[in-house]
1. Testing Val94 on (1) buried (at least 20 other Cβ atoms within 10 Å of the Cβ); (2) free of Cβ contacts under 8 Å to residues at least 24 places away in the same chain; (3) of a type outside the set (Asp, Glu), one condition comes back false. Which one is that?
2. In the set Asn258, Asn263, which member is open to solvent by 50 Å² or more (accessible area, probe 1.4 Å), under 27 Å from Ala195 (Cβ atoms) and of a type in the set (S, T, N, Q)?
3. Condition first: outside any strand (DSSP E or B) and open to solvent by 60 Å² or more (accessible area, probe 1.4 Å). Now tell me which residues in region 123-159 satisfy that.
4. Starting from region 73-89, take each residue that is acidic (Asp, Glu) and part of a loop (DSSP other than H, G, I, E, B) and list its partners that are modelled with pLDDT of 95 or more and surrounded by 14 or more Cβ atoms within 10 Å (Cβ to Cβ), counting only C-beta distances under 9 angstrom and pairs at least six apart or across chains.
5. All but one of (1) surrounded by fewer than 20 Cβ atoms within 10 Å (Cβ to Cβ); (2) among the polar types (S, T, N, Q); (3) in contact with a Gly (Cβ under 6 Å, 6 or more places away or on another chain) hold for Thr212; which doesn't?
6. Just wondering, is there one or more residues in region 174-193 that are crowded, with 19+ Cβ neighbours inside 10 Å, of a type in the set (Asp, Glu) and within 20 Å of the chain's Cα centre (by Cα)?
7. Looking at Gly113, is it surrounded by 16 or more Cβ atoms within 10 Å (Cβ to Cβ), modelled with pLDDT of 95 or more and part of a loop (DSSP other than H, G, I, E, B)?
8. Within the set of pairs 6+ apart or on separate chains, which have a first residue in region 191-214 that is in contact (Cβ under 8 Å) with a residue 12 or more places away in the chain, a second that is open to solvent by 40 Å² or more (accessible area, probe 1.4 Å) and aromatic (Phe, Trp, Tyr), and C-beta atoms under 9 Å apart?
Amino acid sequence: MRQLTIARRSLLALAMAASAAIASAPGVSASPHRLPGVISAKASNLFPEGIAWDPLRRSFLVTSLSEGTISVVRPDGRVRAFAGHPTMVQTFGVHVDAARGRVLVAYGDMGTGHRSTPETTYKSSGVGIFDLASGKPLHIVDLAIGPGKHSANDLAIDRAGNAYVTDPASDALYRIDTHGRPSVLVRDSRLSSGAIGMNGIVWHPNGFLLATRYDTGTLLRIPLDDPSRITEVRLDRPLVGGDGLDLRPDGTLAVVTNAFGGNGKVAVSVLRGNRDWTEARAVRRVEPWADSQPSTIARSPYGSYVLDGRMGVLLTGQGNAERFTLRRL
């Protein structure tokens, strides 16, 4: 078993080194066309909400609001199953922790999954942690902590491997350590909403988290040395419908906004903040985005890709979706 683990880590290290070499090669950043600009993936009624780059397979991982699974999307658009667990009714944000050979996925149940029941809707909530090489489960972490509704949505991982998990149905932000042990990082009324509250999240290496609040369009700054000191980042324009985030290598923050919840704009904005991210302004905005139902964004060695999983078809119950789209920003 130990030899197998070492072999898997060695394989992963080689894959990561290859990806890093490609990303830093001359011309790649200026002309990142080793992946298609648009990937049209074929999978009937998968309805992915989250996306992450998989350096081991040189592909993307996506989640599923209908199946509660993780799937691999190849650059040619082929889709195959990767991981799942009976506990996970719907899967949302996904993150690859390549340094530790793990995949972490937020799961919940908003009542629209194929296996949704009254016993699980807004009650089943947590994070599934899987082996990156095999897809085997390592931990299934229950985050239905405390009274009220729960449905974990997105997560970020710090340098030490701790995960921070949002729950738009709750007033809490959760922390999971590298052993899979959960705790409440902070509980605050500013995180809760009668509709959809805190949603997308990223970890900043200067020691704080940035998270969107979907309904109000605010960007929250949460210092890890004192999580109760939540502040709003001053913006030149609210990010109503703020969903997925990507903290980019140049220090800017890409934000995907959509209109699933009402007044949001279908757009992708790139923000630049000051040193401490107490204020930020848009330096680029693509509005409207080319696809009508974007949810989130993931960075690859070939550029950042925005996912449109056709979730509106599922949420309205109208028709089928045979394909979904990954489009480079």
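The values are calculated or read from the model by the stated rules, or taken from the named source; none is laboratory data. Just so it is clear, the model here is predicted, and its values are computed rather than measured. Here the Cβ positions follow ideal geometry from the backbone for every residue, glycine too, while neighbour counts run over all protein chains shown. Accessible surface is based on the protein model in full, side chains and every heavy atom, while ligands, DNA and RNA are left aside. Shrake-Rupley method; radii C 1.70, N 1.55, O 1.52, S 1.80 Å.
1. Unmet for Val94, out of (1) buried (at least 20 other Cβ atoms within 10 Å of the Cβ); (2) free of Cβ contacts under 8 Å to residues at least 24 places away in the same chain; (3) of a type outside the set (Asp, Glu): (2).
2. Working: Asn258 fails: open to solvent by 50 Å² or more (accessible area, probe 1.4 Å).
The unique qualifying residue is Asn263.
3. Lys123, Lys136, Pro147, Gly148, Lys149, Arg159
4. Sorted first by the residue in region 73-89, then by its partner, the pairs are Asp76/Pro36; Asp76/Ile39.
5. Condition not satisfied by Thr212: (1).
6. The answer is no, given that none of the residues of region 174-193 is crowded, with 19+ Cβ neighbours inside 10 Å, of a type in the set (Asp, Glu) and within 20 Å of the chain's Cα centre (by Cα).
7. yes
8. Ile196/Phe260; Leu209/Trp203; Leu210/Trp203; Tyr214/Phe260
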